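Data first, discussion second: the structure below is written as structure tokens.
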Amino acid sequence: MSDTLTFALLLIPSLIVAIVFHEVAHGYAALLLGDPTAQEQKRLSLNPIRHVDPVGTLLVPGGLALAGAPVFGWAKPVPVQPWRLSNPRYGMMAVAAAGPGTNFVLALIGAIVLGLFGAELNAGANLEEPSLLVQGVFYFILINVFLGLFNLLPIPPFDGSHILEGLLPRSLVPYYAKLRPFGFVLFFGLVAVTWFAPQWGVLENTVGPAVEWTMQKYLSVSGAISG
């Protein structure tokens, strides 16, 4: 029980920070591109209460953690009105990219902080257990990398779907838009499989390789800083 509690205390703050900054980044990008909807609805705040979704921010990640599955979650989506953007087609691409982009920046900040503990990292081979601070920063990097890459999947309603839609020829956009209702079904199916059948390794075999490669790059930054 103590290990589970410690894991939760390390994981939950990192997940909340990653999700809140992700959503606020969407709202600020929309504001800069002409859509003040998020500002009007007071969703540009870093106050987690304004963004928490009881299921996506608490129930799902908590259940996945207890099941030993990869942990992910979501917040209440920041409202964006494409028609209010100065250029709806490319504006939506920029707004969508702002969320994952912010997660990658947060991961870089975490890698720099982790590198500042160079003495402990260099002595890692002789340590039975890294300090809670080092573990916490590591999970902070991992969660942001995973959340950023996961949201880049080109499946509605993920951010990657908006980016792909903006890149498609205009003639194909109406056909792609018809996939949106099925995207939600696929998404909740993915949540269910990850939660109830973690042994299948669905996420590990899809997003997993990209997460592992990206983590290596961030940890190389930490290693370079630590010397």
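Points to keep in mind about this one:
- Annotation: P181 fulfils all but one of (1) part of a helix (DSSP H, G or I); (2) touching a Lys or Arg at 6+ places or on another chain (Cβ under 9 Å); the unmet one is (2).
- Residue in the range 176-185 that is open to solvent by less than 60 Å² (accessible area, probe 1.4 Å), under 29 Å from A111 (Cα atoms) and of a type outside the set (A, V, I, L, M, F, W, C) present: no
- Unmet criterion (only one of (1) crowded, with 16+ Cβ neighbours inside 10 Å; (2) at positive phi) for S14: (2)
- Within the range 210-227, if we keep just the residues that are within 16 Å of the chain's Cα centre (by Cα), open to solvent by less than 90 Å² (accessible area, probe 1.4 Å) and not β-branched (V, I, T), the residue that is nearest to A107 (Cα to Cα) turns out to be Y218.
- Residue in the range 131-154 that is nearest to the chain's Cα centre (by Cα), counting only those that are at pLDDT 80 or above and not in a helix (DSSP H, G or I): L152
- The range 183-194 - residue that is in contact (Cβ under 8 Å) with a residue 12 or more places away in the chain and aromatic (F, W, Y) and, of those, nearest to L152 (Cα to Cα): F187
- Test set (1) assigned to a helix (DSSP H, G or I); (2) surrounded by fewer than 16 Cβ atoms within 10 Å (Cβ to Cβ) - P157 fails condition number: (1)
- Residue that is farthest from V137 (Cα to Cα) [pool: residues in the range 1-11 that are open to solvent by 50 Å² or more (accessible area, probe 1.4 Å) and part of a helix (DSSP H, G or I)]: S2
- Hey, V193 in a helix (DSSP H, G or I), open to solvent by less than 20 Å² (accessible area, probe 1.4 Å) and over 16 Å from M93 (Cβ atoms) or not: no
- Of the residues in the range 142-153, at least one is at negative phi, of a type in the set (S, T, N, Q), surrounded by 13 or more Cβ atoms within 10 Å (Cβ to Cβ) and in contact with a Ser or Thr (Cβ under 8 Å, 6 or more places away or on another chain).
- Tally of residues being surrounded by fewer than 17 Cβ atoms within 10 Å (Cβ to Cβ) and touching a residue at least 60 places away in the same chain (Cβ under 8 Å) across the range 132-141: 2
- Among helices (runs of 4 or more DSSP H) entirely within the range 21-130, having at least 1 residues that are at pLDDT 90 or above singles out 37-40, 88-115.
The values are calculated or read from the model by the stated rules, or taken from the named source; none is laboratory data. All values reported here derive from a predicted model rather than from experimental measurement. Quick reminder, even Gly has a Cβ in these numbers, built from the backbone with ideal geometry, and neighbours come from all protein chains shown. These area figures cover heavy atoms from the full protein model, side chains too; ligands, DNA and RNA do not enter into them. Shrake-Rupley method; radii C 1.70, N 1.55, O 1.52, S 1.80 Å.
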